[in-house]
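The block underneath contains the structure these notes are about, expressed in structure tokens.
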Amino acid sequence: MMKSLLVRGMLAGLIAGVLAFGFAYAFGEPPVETSIGLEETLSHDHAHAHGTDADAGAGQAAEAPEEELVPRDIQSTVGLLAGVLVYAVAIGGLLSLAFAFVQGRLGGLRPRVTALLLTGGAFAVVFLIPFLKYPANPPAVGQPGTIGSRTELYFGFVAVSLLAGILATVFGRKLADRFGAWNGFLLAAAGYLVVVALVAWLMPVVDEVPAAFPASTLWRFRTASIGTQATLWLALGLSFGALAEKSLTKKAVATSVA
């Protein structure tokens, strides 16, 4: 059964990846293009403002911009599609493994309901909560010298959120046996939120948005980032839930007949 669920999880990831790519291309690429244009303008203005008087007097030609290894039109189409599909298929495979572990342990829920609850929780723990602490930024936002430290902080917080989510799930099951399903869920969720809120408060704040950067462009980019992830996880939960329920129903029918 594990192999069957894994294949269906990866297939669901492929479906979700295509839909997420469509959303990202339609709503995420426009603010990215705007940000790239602003970045080039700011770089040109900065270089012009710091040019030497000797260069200005001699009329020295501006240094040619560094050539891109991958053209922008490829990055925004084939590159974006490939990246989203690889990510979505990998998430789909991991979802199928998690589903195989929790299925039947959440009461008498149907497989598609279990899949939706699982993907909803994963969306919040893996993406939404870390996003609230360290939101995504478009080009021209952030200092080049801090990319490494910012990346470490983000993935470190994702790891903390994921670990806290797993522990909340484990203890939530025990709390449910003692205090009831609803009360157990509320206590586990409250414990998770307390842990991640404390860690978020202790971790450094990163705010490198230039004062001249348009707030509307930043808002459009961040809402597009949330929308892309929401599209991916929702499509993944719906498609995998349908595929898994069909597979498990067939297996149950075959077992009863045998």
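The values are calculated or read from the model by the stated rules, or taken from the named source; none is laboratory data. No experiment lies behind these values; they were computed from the predicted model shown. Neighbour counts run over all protein chains shown; Cβ positions are idealised from the backbone, glycine included. Just the protein is used for accessible areas: all its heavy atoms, side chains included, with ligands, DNA and RNA removed. Shrake-Rupley method; radii C 1.70, N 1.55, O 1.52, S 1.80 Å.
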Near pairs, Cβ below 6 angstrom, 6+ apart or cross-chain, from segment 194-212 (of a type outside the set (Gly, Ala, Ser)) to any residue that is not in a helix (DSSP H, G or I): 208/142; 208/143; 209/141
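Out of all the residues in segment 136-180, which are among the small types (Gly, Ala, Ser) and part of a helix (DSSP H, G or I)?
The first filter runs over segment 136-180 and keeps only residues among the small types (Gly, Ala, Ser), leaving 136, 140, 142, 145, 148-149, 156, 159, 161, 164-165, 168, 172, 176, 180.
Hits for segment 136-180 are 145, 148, 149, 156, 159, 161, 164, 165, 168, 172, 176.
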Confirm whether residue 66 is open to solvent by 80 Å² or more (accessible area, probe 1.4 Å), at pLDDT below 85 and on the phi < 0 side of the Ramachandran plot. yes
Looking for something closer than 19 Å to residue 20 by Cα and part of a loop (DSSP other than H, G, I, E, B) - is there at least one such residue anywhere in segment 118-135? yes
Look at residue 168 and say whether it is under 18 Å from residue 226 (Cα atoms), aliphatic (A, V, I, L, M) and in contact with a helix residue (DSSP H, G or I) (Cβ under 9 Å, 6 or more places away or on another chain). no
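Could you list all residues from segment 158-180 that are among the small types (Gly, Ala, Ser) and open to solvent by 80 Å² or more (accessible area, probe 1.4 Å)?
Restricting attention to segment 158-180, the residues satisfying the condition of being among the small types (Gly, Ala, Ser) are 159, 161, 164-165, 168, 172, 176, 180.
Passing the criteria: none in range.
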Just give me the residues in segment 181-203 being open to solvent by less than 70 Å² (accessible area, probe 1.4 Å) and either outside any helix (DSSP H, G or I) or farther than 22 Å from residue 132 by Cβ (or both), in sequence order. 184, 203
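For residues that are open to solvent by 40 Å² or more (accessible area, probe 1.4 Å), part of a helix (DSSP H, G or I) and not hydroxyl-bearing (Ser, Thr, Tyr), tally how many sit in segment 214-228. Give the derivation first.
So the first thing to find is which residues in segment 214-228 are open to solvent by 40 Å² or more (accessible area, probe 1.4 Å), and the list is 214-216, 219-220, 222-223, 226.
When the remaining residues are screened for being part of a helix (DSSP H, G or I), the result is 215-216, 219-220, 222-223, 226.
With not hydroxyl-bearing (Ser, Thr, Tyr) added as a condition, the list becomes 215, 219-220, 222, 226.
Matching residues across segment 214-228 total 5.
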Show the residue pairs meeting these rules: Cβ distance below 6 Å; 6+ apart or different chains; first residue within segment 138-158 and farther than 17 Å from residue 32 by Cβ; second residue among the acidic types (Asp, Glu). 143/208
